[in-house]
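Taking it in order: structure first as structure tokens, then the write-up.
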Amino acid sequence: MKDIDLHGLEPASIWVQRWSHLVKPGGTVLDVACGHGRHSRWFYAQNHPVVAVDRAQAAIESIANTIPAGACETVVADIESGPWPFTGRQFDAVVATNYLWRPLIPTLLASLAAGGVLIYETFTQGNETVGKPSRPDFLLRPGELLDICKDLRVVAFEEGFQDESATPLGRPARFIQRIAAVRPPAERVADASPQTQQTPPRYRLP
């Protein structure tokens, strides 16, 4: 489920902007439940090829008006009820905001290439006290993204409350949870000599 009122029309999420530098240069980004493509546009502007998927034909068509076809692969698909349209493919980043469909989460994680980045932000429990979404199916449990990303390298995590003054475009107050996490590169050989071991990855904090 995604929050559809302005999804894709407002600027890119500050969280997505903050952690997009973790995506390797030129890496392909999968924009999940992309709406009108606010994050597709952001990553295109950062010189990333983009794959955008949404069930709304009109939303997908609107992206073609702002991003050249060769820079953005657009897919209309019901990723909740239909087959996953990217079977066998992996991406250098998977981005999802204002969206939660728990049965899809293992597929999203499997879609991360080695070194790939998951940037996720959506509503959490408590939001039912201030507005929609309010159904438990669409609200993360406390710390749930940390559990989801237990096999990834968590670089950043936040969970809390934003009042109207802190939300984009004056949207209603909300309870939010967000994470930036990286699938570790392939395992190093355990008995490799010090001379052949690589330096640990450096995930720059902005």
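One table, with the values for the structure above:
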| item | result |
| --- | --- |
| Normalised per residue, the volume of the convex hull around the Cα set of the chain (Å³) | 131 Å³ |
| Reduced Cα scattering model of the range 74-172, Debye log10 I(q)/I(0), q = 0.12, 0.22 Å⁻¹ | -0.46, -1.28 |
| Of all accessible heavy-atom area on the chain, the percent that carbon and sulfur account for (1.4 Å) | 54 percent |
| E80 accessible area, assembled protein chains, probe 1.4 Å, Å² | 50 Å² |
| Separation in nanometres of the label points that stand 7 Å from Cα toward Cβ, at R153 and I14 | 2.7 nm |
| Extended-chain gain in nm, criterion 0.36 nm per residue less alpha-carbon gap, R141 and T66 | 23.4 nm |
| Diffusion constant of the range 13-101 at 20 °C, which comes from Stokes-Einstein with the Kirkwood Cα-pair radius and 1.002 mPa s, µm²/s | 164 µm²/s |
| Nearest-10 value in Å² for the accessible area of Y203, using the 1.4 Å probe | 50 Å² |
| Inter-label distance for V75 and K24, nm, one decimal - labels placed 7 Å from Cα along Cα-to-Cβ | 2.0 nm |
| The chain - accessible surface per residue (Å², probe 1.4 Å) | 51 Å² |
| Rounded to the nearest 10 Å², the accessible area of R41 at probe 1.4 Å | 80 Å² |
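The values are calculated or read from the model by the stated rules, or taken from the named source; none is laboratory data. Since this is a predicted model, take the numbers as computed values, not measurements. We place every Cβ from the backbone using ideal geometry, glycine too, and count neighbours over all the protein chains shown. Note: accessible area is taken over every heavy atom of the protein model, side chains too, but ligands, DNA and RNA are not part of it. Shrake-Rupley method; radii C 1.70, N 1.55, O 1.52, S 1.80 Å.
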